[in-house]
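Q: Before anything else, here's the structure in question.
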Amino acid sequence: MQTAATGAQHMDLWRDHWQDEGDAAFLYRRIAAAEPDRERAQVYLDLADVEDQHVARWEAVLRGAGIRVPPHRPSLRARIMILVGRFLGWRLLAGLLLAEEGRETKGYLRGAQLYAPEASRAAADLAKESAEHAERLGALLGVEGEPWHRIESGGFLRNAVYGFNDGLTANFGLVMGVLGADVPHHIILVSGVAGLFADALSMGSSGFLAAKSEQEVQTHEIAVEREELRLMPDLEEAELAVLYRTRGMGAEAAQQAAAEVMRNPERALAEQTQMELGITASAMSPLREGWITGLATAVGAFIPVFPFLLMEGTPAVVTSFIISMFSHFGVGAARSVFTGRGAFRSGLDMFIVGLGIAGIGYLVGEWISRVL
């Protein structure tokens, strides 16, 4: 039995679906406008038209539940994604939309089992169409297999955002702690710059080691799979046929496709590692991951320190606090590109976190200065 609270929760999700579909149409049209290839631009426009149909479908569901639906306006999150496309490349934005289609597919599949009949039918239909969108967009971007399982498209931006976030948060707390200890100006400056380098080197090396470890694990798994193909080709062919059948192929067609693939050992290895292990070709470089994360961390850590390079006393403290708090809100809103949450709520969460860090850091610094 569906309670009133559950029904209200579902309606909130339906509004989110309606907003997300409208945002997707908005973003596809912006990408189409920036795409120089006319055929590719037309594909984006076609995707936008289908998203408009999805918007209309959710409008009907909401109105059927007695909910007034206002004209659609792009969300703050969608506008942030436009900035991503404008400054970092429209292809990167298309890659983020690919991940978004994957989130929609999974969300609709869950909703098809939970919602009331009309919304459940809409969710089931749109899950299928979102999966088709992901396949079509993936083909346009050169992504093989089930593209909604891939997350590499936003790797660069994700590392930059999270590195920036870590540097800003850690060094802001450090600077506020030193301020609480009521030390001379040059001590604040030295502490902030030292914290900047420490944070950047720590995050950069962590990013490098994490990427290197992942690369080593994948290399080992691929080597094991290569050996299995060499020693047990018949079993691997049967396994590949089963994997094809799980994707909707008939038994005979799956067997024929597996036999064809097994004639080329390298192709067979690529198919098995992608379908069985979920490993796809990636340009990931541990050194690149480390540089991106470390540099982004340094930029974030520089923000609380910057005002103390130009001024002293209360003006420096106030300026540092203000720009750091705005930066916390901004990086929180930017994180919504990956989390799928509303940009304002994500920004507000980080704003509160920054405020808490400032208060705790200051009080700890003040306490230490009294004890010592």
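Read-outs throughout are calculated quantities, based only on the coordinates presented, and are distinct from any laboratory measurement. Quantities reported herein were computed from a predicted structural model and do not represent experimental measurements. Please note: Cβ atoms are built from the backbone with ideal geometry, for glycine as well, and neighbour counts cover all protein chains shown.
Q: Length gain on complete extension for the stretch residue 40 to residue 65, per 0.36 nm per residue less the alpha carbon to alpha carbon distance?
A: 5.2 nm
Q: Additional query: Hey, got a sec? Which trypsin sites (Lys or Arg not before Pro) in the stretch 181-252 land in a DSSP loop and have at most 14 other Cβ atoms within 10 Å?
A: Values: sites: 212, 226, 230, 245, 247; in loops: 247.
Answer in residue order: 247.
Q: Follow-up. Report ³J(HN,Hα) in whole Hz for each residue of the stretch 76-87, in order, from the Karplus equation J = 6.51 cos²θ - 1.76 cosθ + 1.60 where θ = phi - 60°; Gly and Pro get x.
A: Each residue of the stretch 76-87 in turn: 4, 4, 5, 5, 5, 5, 4, 5, 4, x, 5, 9 Hz.
Q: Quick check: pseudo-label points 7 Å beyond the Cα along Cα→Cβ at residue 235 and residue 220, how many nm apart are they?
A: Between residue 235 and residue 220, the simple spin-label model gives 2.0 nm.
Q: Which ³J(HN,Hα) values in Hz, rounded to whole numbers, follow from the phi angles of the stretch 320-333 under the Karplus curve 6.51 cos²θ - 1.76 cosθ + 1.60, where θ = phi - 60° and Gly and Pro get x?
A: In residue order, the calculated couplings are 4, 5, 5, 5, 5, 5, 5, 5, 4, 4, x, 6, x, 5 Hz.
Q: From the backbone phi of the stretch 35-40, what are the Karplus-calculated ³J(HN,Hα) couplings (6.51 cos²θ - 1.76 cosθ + 1.60, θ = phi - 60°) in whole Hz, Gly and Pro given as x?
A: Karplus values, whole Hz, x for Gly and Pro: 7, x, 7, 5, 5, 5.
Q: Please give me the summed charge of the neighbours of residue 174: other residues whose Cβ is under 13 Å from its Cβ, Lys and Arg +1, Asp and Glu -1.
A: In short, -2.
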